[in-house]
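So the structure is just underneath, and the comments pick up after that.
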Amino acid sequence: MCGILAVLGCSDTSLAKRSRIIELSRRLRHRGPDWSGIHCYQDCYLAHQRLAIVDPTSGDQPLYNEDKSIIVTVNGEIYNHEELRTKLVSHQFRTGSDCEVIAHLYEDYGEDFVDMLDGMFSFVLLDTRDKSFIAARDAIGITPLYMGWGLDGSVWFASEMKALSDDCERFISFPPGHIYSSKKGGLQRWYNPLWFSECIPKTTYDPIALRQAFEEAVVKRLMTDVPFGVLLSGGLDSSLVASVASRHLNESKFARQWGSKLHTFCIGLKGSPDLKAAREVANYLGTFHHEFHFTVQEGIDALEEVIYHIETYDVTTIRASTPMFLMSRKIKSLGVKMVLSGEGSDEIFGGYLYFHKAPNKEELHLETCRKIKALHLYDCLRANKATSAWGLEARVPFLDKNFIRVAMDIDPEWKMIRPDLGRIEKWILRNAFDDNDRPYLPKHILYRQKEQFSDGVGYSWIDGLKDHANEHVSDTMLNNASFVYPENTPFTKEAYYYRTIFEKFFPKNAARSTVPGGPSVACSSAKAVEWDAAWSKCLDPSGRAAVGVHTAAYESTSSQALAQENGFSVNGLSEKKVDYFEAATATI
């Protein structure tokens, strides 16, 4: 991942302003420690902090067209850049960067080229011929992007909130799948798949087509000129990513340069479920496996740094981000700059344990749509920022545009959890990779029950966080929470504790408004809480809140105690409407 900052239409064009832009861009250097760049044109500034993954020697940014009249600063990866170059034969490329195609595509296709890009990206492009500009974000919001407005009328874009929050009067999270055009004067959605309209699909389940789509998604993400690995928790999703990557590694350019031995990484408290399962999968696949341990105290000590980097006070996201943040530091110390990860599968296939209570296929499909639309607020935010904090890039094959299309076109009846037919959560994905002739995974791993990352690293992690918050937040503080934090009021001590840290770094109203709220149980959306009346008494984002489903679910007595602590809250936050999409909570 890289860090981008663009400021357009400044009233101040002095050297002091340029120095200020450079200073703010440095706040993103953790995202791109390999090189820094800035281009100034009249009252416009485009800055970049580079993490060199593809073409490390010549791909520095900003990037340009032939005569440098088009300037672009990009965060992300364009996986089909070689194919796109064949459509741009009349153009001369300066670098081997996958992102350089953006400048030339704009020249040939105008503002309508964004849907041609297959990848994860956020970019700002300046056309100096008429001083117009565009900004765009990938379909799902895998890469972060914020948009802000200065008092002088300037428009700002940044990969992280910390780069613009001090200088903008108002700012928002730039919505995924959208483009902003200065010519048209507003945001427009460029990503318009059939599932976005939430119509119920009727395509028959084809396991071979699903498997092929996922394998293609993994293979295209092996595009790298630097060492990489796979985050392996031992659950279904990360294990499938590792399995497919290990099968195709020999065919990749990477293997010729760095070898064909796949590296895998896992973190957890000693004795945690994930460590054991990941070790077994790694042994089965023959990977070079790295196992990291952390203690509850080490996680607690990192909380302030974590919240500063991930820029949220959402309870679930912080719980899961902390071990990922610690693991990313260890991974980077080994010289690895890119990892594949398993985010997105649970949202697409209804993999969270609360989906056991989906009343019908229509409700299940609508919930998966809500979850995917909100990924940029939760799992994508966590996976990107927790890794980028240490200059590590995370790629997510399950969120490939084509794979999502294939998976979301399937009749949701196939995604329904049907114990009478032997179908557990994500059965259609498990079945697609259940190959007796050439197994992808051992059967018991392929059919392992869903375990959320914040649970899988060790159940005492969440318990320890709650105990720590109880020591720092008094009953009186919590009782007055609605007066101190009238927007998105925290209703648990854990949520209150995280909120105080967040407010220290990001005190503006605009900052707190970028974080969603609303009822949730075991990572459900607010709407899905209605599926089971008993859930209103156990409103917690942990998978163990799925009482009667999770094999290690909270006991009924602890559920009652949890309900008393939470009151009418869910995920520790009051219900709140999000500007662009209905909020939905998620972890790995």
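The values are calculated or read from the model by the stated rules, or taken from the named source; none is laboratory data. The structure presented is a predicted model; accordingly, all values stated were derived computationally and were not measured. Because the Cβ atoms are built from the backbone with ideal geometry, glycine has one as well, and the counts that use them run over all protein chains shown. These accessible areas exclude ligands, DNA and RNA; they are computed on the full protein's heavy atoms, side chains included. Shrake-Rupley method; radii C 1.70, N 1.55, O 1.52, S 1.80 Å.
So here's what we get for this one:
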read-out: Compactness of segment 88-200 - radius of gyration and Dmax, Cα, Å; value: 15.1, 47
read-out: Selection from G351, G110, G234, by position along the positive dipole direction of the chain (Cβ); value: G234
read-out: Segment 68-113: C-alpha gyration tensor shape, a/c 1.5 cut-off, then a/b vs b/c; value: rounded
read-out: Cut-off 13 Å between beta-carbons: net charge of the residues surrounding F157, Lys and Arg +1, Asp and Glu -1; value: -1
read-out: Cα-based Kirkwood hydrodynamic radius, segment 1-105, one decimal, Å; value: 14.3 Å
read-out: Net +/- balance of residues flanking L8 in space, Cβ distance below 9 Å, scoring K and R +1, D and E -1; value: 0
read-out: Net length gained if the chain between S132 and N360 were fully extended (0.36 nm per residue, minus Cα distance); value: 77.2 nm
read-out: Extent along principal axes [Cα atoms of the chain; Å; largest to smallest]; value: 68, 62, 46
read-out: Accessible-area ranking of W258, W531, W156, largest first, probe 1.4 Å; value: W258, W531, W156
read-out: Average Cα contact separation per residue, the chain, under 8 Å, 6 or more apart, as relative contact order %; value: 14 percent
read-out: Unit charges on C-beta of K, R, D, E only; dipole of the chain, Debye; value: 600 debye
read-out: Rg ratio (alpha-carbon, reference 2.2 N^0.38 Å) - segment 119-174; value: 1.17
read-out: Cα Rg over Rh - segment 322-366, Kirkwood; value: 1.26
read-out: Solvent-accessible surface (1.4 angstrom probe) belonging to I53, in square angstrom, nearest 10; value: 0 Å²
read-out: Bins of 10 Å from zero: percent of alpha-carbon pairs in segment 307-394; value: 17, 41, 28, 12, 2
read-out: Using distinct alpha-carbon pairs, which all enter the 1/r mean, Kirkwood radius of segment 182-242 in Å; value: 15.7 Å
read-out: Share of alpha-carbon pairs per 5 Å distance bin for segment 289-353, given as whole %; value: 3, 14, 21, 21, 21, 14, 5, 0
read-out: Unit charges on C-beta of K, R, D, E only; dipole of segment 96-195, Debye; value: 360 debye
read-out: E343 - accessible surface, heavy atoms, 1.4 Å probe, Å² rounded to 10; value: 0 Å²
read-out: Overall dimensions of segment 192-291 as given by Cα atoms, namely Rg and Dmax in Å; value: 16.3, 46
read-out: Paramagnetic reach from K527 in segment 167-196 [backbone N under 12 Å; point 7 Å along Cα→Cβ]; value: 196
read-out: Quarter of Cα convex hull surface for segment 141-226, i.e. mean projection, nm²; value: 9.4 nm²
read-out: Relative contact order of segment 134-187, defined on C-alpha pairs under 8 angstrom at six or more residues apart (%); value: 43 percent
read-out: Range of Cα positions in segment 245-357 per principal axis (Å), largest first; value: 43, 39, 28
read-out: Helix-only CD estimate at 222 nm, as mean residue ellipticity for the chain, using -39500 (n - 2.57) per DSSP H run (n ≥ 4); value: -10000 deg cm²/dmol
read-out: Label-to-label distance, nm, for residues given as K270 and I22 (7 Å Cα→Cβ offset); value: 4.9 nm
read-out: Per-bin percent of Cα-Cα distances, segment 336-487 [5 Å]; value: 1, 8, 13, 16, 16, 16, 13, 8, 6, 3, 1, 0, 0
